[in-house]
1. Please average, across the residues of B:80-89, the number of beta carbons from any other chain that are within 10 Å of each residue's own beta carbon, and give a whole number.
2. Determine the shielding of peptide A:217-226 by partner chains: average, over its residues, the number of Cβ atoms on other chains within 10 angstrom of each Cβ.
3. Taking beta carbons within 10 Å but only from partner chains, what does the mean come to for residues A:175-182?
4. For segment A:93-213, what value does the Rg/Rh ratio take when both radii are computed over Cα atoms and Rh is the Kirkwood radius, given to two decimals?
5. Return the Rg/Rh ratio of segment A:31-104 with Cα-based radii and a Kirkwood Rh.
6. Where does each of B:151-158, B:28-35, B:106-113 land if you order them by average Cβ count within 10 Å, highest first?
7. Under 19 Å from a label point 7 Å along Cα→Cβ of residue A:22: give me every residue in segment A:187-210 with its amide N that close.
8. By how many degrees, 0 to 90 and rounded to 10, does the Cα axis of helix B:20-54 deviate from the longest principal axis of chain B?
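Any read-out appearing in this document is the output of simple, stated calculations on the displayed coordinates, not a laboratory observation. Quantities reported herein were computed from a predicted structural model and do not represent experimental measurements. Positions of Cβ are backbone-derived with ideal geometry, glycine not excepted, and every protein chain shown enters the neighbour counts.
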């Protein structure tokens, strides 16, 4: 296969980047950086929120009754073996056959919910179960009801692991939303996929830097948020 | 529903029979990309783990940098490498290798840290040199943790190889991308199923290898 992108080399890339950045369409309109960034962010955040609503109640309950740790391990192992690109492709074909329009965000959203759910589920179940039984006994001994034990003792103590699960889910969702451009959706991955298709190094690299920055910022923001809401004296068991 | 009629049955076994050669070729490509990336990742992370164990201060920056690499989405990393190495297998291997480092280093260092202090003291008391103690005591006892890391890294890599389809490679990812472009279910199902099967096979292989490498752990429970 010919290799025109590589042959141009790093120096030519600078000119191409400048050319892409000086194009007015890069800064306004549906294909602008702002619009692609907004698409990417809202779909990623929505996917994590939907996944949280779907799996957290079940995970909290399973953790509380100290069941389902086998299920939690299996979920995360299966989630790892299925390629995220494959989940996206299957979700796209199912939704298109059900009548969703090509280019609509729904297939991407469904796939991202499926990807965000396993780490959140597993970390929540494991996090609640790793609370010391003696601590829970003490809380019950003080006359707390089951729901007070869950809300007042188990959830705060499990918070570092639960948020770790949310962080893993969010970062994976942002990464996979980039692949949304391969199933005719937008997002920042559009610049990368179009850059490859049109052999436009400038567009390719600007897209890649934006996607990388977004993922790193999300990772750092979630880590510091996790530290901020962790009760004093609770340490992440990892 | 119209699309469903146009694209024929959900799974077309004739397609599989007609494209058997290509399935073999793509399997070989998928296996090669996975094995080469994980093997280079293992060599690099063993070196970096030794540095981190000997010189504790290096551990935080090593996990920070490999963690940063791990966070960058694969499609973006392939793209960033294009001006440096071009659009080829080298690009894919560099990116895939960089994703294995964090998991492998974390598990190796945790495994070595988990070796009981009494064992280390016994080795020292028997006159082992630091090097001999490392290779003959610490590494074998850390093997379960190291192999656990290799399993996670390998299964993750098998999944990520599918994305290298955008570089014109992709192993089974080639079928997924082709299926998407032609709305042809069979290719997507073949691509996803074979990728999951390959990941499972690698995983079982490592479970086996570990049992064979750590005979002392068999039946110990």
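1. Working: counts 8, 2, 14, 14, 4, 1, 7, 9, 4, 0.
That average works out to 6.
2. On the way: counts 1, 1, 5, 2, 0, 0, 1, 0, 0, 0.
Across A:217-226, the average partner-chain Cβ count within 10 Å equals 1.
3. Details: counts 9, 4, 1, 6, 6, 0, 2, 9.
Partner Cβ neighbours, averaged per residue: 5.
4. Working: Rg = 21.1 Å, Rh = 17.2 Å.
Radius of gyration relative to Kirkwood radius: 1.23.
5. Numbers: Rg = 16.5 Å, Rh = 15.2 Å.
Rg/Rh for segment A:31-104 comes to 1.08.
6. On the way: B:151-158: 23.6, B:28-35: 18.4, B:106-113: 20.6.
My ranking of the peptides, most packed first, is B:151-158, B:106-113, B:28-35.
7. Once the point is set 7 Å along Cα→Cβ of residue A:22, A:200-207 turn out to lie under 19 Å by backbone N, inside segment A:187-210.
8. Taking Cα atoms only, the helix is inclined about 20 degrees.
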